[in-house]
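Below: one structure, written as C-alpha cells.
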Amino acid sequence: MILNRIREVSLQKKIDKELKNSSVGSNKKVESVLILFDENVDAEICELILRELEFDKQKVKEIIFCDTLNNEAQNFQTKISKKQFSWFGRVRDEKVRDLINFKFDLLINLTKGNLYLDYLTVLSNSQFKVGLSNSDIRLYDFMISTDLEEKTVFSSELKKYLKILNKI
C-alpha cells in the first residue's frame, strides 16, 4: 500500500516535469494510431473508432492497463499493470517502451484519472494527443467532452474534429 503511494507520487512528479518540456503537435495527416485504455473501458469502442475513422488495423496499436495481468485481456496487443512501473516511473516492459518511443501520428487516451496511462501519454512521442474532458488539460492537444458509454457519439465527434483539424 505504501509502496503503491510512493510509486504514484513519483509518477505525478515525473508527469509534471515532462509537461514542462513538452512540444506542440504537428499538422501531419494521421496514419498511425496508439490507443490507451483500461479494463473499465468497453473494448468495443476501439473497434468503433477504427471503423468510423477507417484506419488501417496494421497501423493501430493498443495498450490496455489492467490492475492484474490476467487472461481476460489476452485479445489485446499490449497489456500493462502497475507492477510494470518501477518506483521511480521507469517502464519495465520493453514492448511498451518501444510503443511509447515510436512516433505515432495520433494518441487516443480513453481513460480519466488513470495515473499510469497519463504517464504513458506524457512520455509518448505521438504527434497529436486526444483525451477525454475532465482529465489533466496539459496532457492533450485536443479533448472531447462526451461520456464513453455513448460510443457512437464519441467516435463521430472524434471524426468530425479530426476532419476540421485536417488530420484525416
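The values are calculated or read from the model by the stated rules, or taken from the named source; none is laboratory data. Not measured: the values here are computed from a predicted model. Virtual Cβ from ideal backbone geometry, glycine too; neighbours counted across all protein chains shown.
Restricting attention to the range 147-168, and to residues there that are β-branched (V, I, T) and touching an Asp or Glu at 6+ places or on another chain (Cβ under 9 Å), which single residue is farthest from K112 (Cα to Cα)?
Top of the filtered list is I168.
In the range 133-147, what residues are assigned to a loop (DSSP other than H, G, I, E, B) and aromatic (F, W, Y)?
Y140
Does the range 32-44 hold any residues that are surrounded by 15 or more Cβ atoms within 10 Å (Cβ to Cβ) and either among the charged types (D, E, K, R) or over 17 Å from T78 (Cβ atoms) (or both), and which are they?
D38, E39
Just the residues that are in contact with a Ser or Thr (Cβ under 6 Å, 6 or more places away or on another chain) and among the aromatic types (F, W, Y), please, taken from the range 130-168.
Correct list: F154 only.
Of everything in the range 38-65 that's of a type in the set (D, E) and not in a loop (DSSP other than H, G, I, E, B), which residue is nearest to R97 (Cα to Cα)?
E62
I'd like the residue in the range 1-27 that is touching a strand residue (DSSP E or B) at 6+ places or on another chain (Cβ under 8 Å) and farther than 23 Å from S81 by Cβ and, out of all such residues, is surrounded by the most Cβ atoms within 10 Å (Cβ to Cβ).
G25
Restricting attention to the range 133-156, and to residues there that are surrounded by 15 or more Cβ atoms within 10 Å (Cβ to Cβ) and acidic (D, E), which single residue is nearest to L48 (Cα to Cα)?
Restricting to residues being surrounded by 15 or more Cβ atoms within 10 Å (Cβ to Cβ) and acidic (D, E), the top hit is D141.
Report every pair of residues separated by at least 6 positions or lying on different chains whose Cβ atoms are under 9 Å apart, first residue within the range 54-79 and farther than 17 Å from L36 by Cβ, second modelled with pLDDT of 85 or more and among the acidic types (D, E).
D56/E31; E72/E39
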